[in-house]
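Values in this text are rule-based calculations from the coordinates and carry no lab data. Model, not experiment: these values are computed from the prediction. All Cβ positions, even for glycine, are placed from backbone atoms using ideal geometry, and neighbour counts span all protein chains on display.
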Amino acid sequence: MGRAHYKLTELIIRMGPNSPFVRAILRFKCRPASLKFHDGRVDICVGNRLIRIADKHFPYAVDMATSFDTYFSQVNSEQEGPNRVVDFSAPKLQRYANGLAFEIASMPEETEAIECYFHWYRPKAGDTVYDMGAYCGVSTYTFSACVGPSGKVFAFEPDPINFSLLQKKY
């Protein structure tokens, strides 16, 4: 990707999700998904399934539309009128497909991405793991399960909202 692409992306982010120009570009880039813009949120729709994100996360809409099934299937959806909805627009307790529940600040940590962490090495009992950028704790939990009670996991998260969620116990 060239410099022009990055300059356009920078301009779009500066203009924000309320710009008619930005909305037109997003609608075009997100096809065949449709987008609905609301005050404070963006809905990415495919049929009667909907992913809701905060409007501040609008730059992720294209990726979420392109990989809709992956994002939609990470957590259990809820019925909202005729639609099945996964709501990532605000911190919320989300139940993953495997049954684990975590309060997540916005988008979920994809289980496929966590498995990629183990491409070169899977932690084993007694290991020490440093989770740098632990987000809301899903990867931290997975590492902890690998190292067991004789291991240690040190989780670091710079974002204050994510850090507060990381510290919660369920």
> When the Cα atoms of segment 3-90 are enclosed in a convex hull and the volume is divided per residue, what value in Å³ results?
Replying inline: 97
> Calculated from the structure, percent of Cα pairs over 22 Å apart equals which of [x] 56; [y] 52; [z] 46?
Replying inline: [y]
> What does the charge dipole of the chain about its Cα centre add up to, to the nearest 20 debye, if the Cβ of each Lys and Arg holds +1 and the Cβ of each Asp and Glu holds -1?
Replying inline: 400
> Can you give the calculated 222 nm mean residue ellipticity of the chain, where each DSSP H run of n ≥ 4 adds -39,500 (n - 2.57) and the sum is split over every residue, rounded to the nearest 500 deg cm²/dmol?
Replying inline: -9500 deg cm²/dmol
> Residue farthest toward the positive end of the dipole of the chain, with Cβ of Lys/Arg at +1 and Asp/Glu at -1: which of THR128, CYS116, VAL147?
Replying inline: CYS116
> From the residues VAL138, PHE72, GLN167, which one has its Cα farthest along the dipole of the chain in the positive direction, the dipole being from +1 and -1 charges on Cβ of Lys/Arg and Asp/Glu about the Cα centre?
Replying inline: PHE72
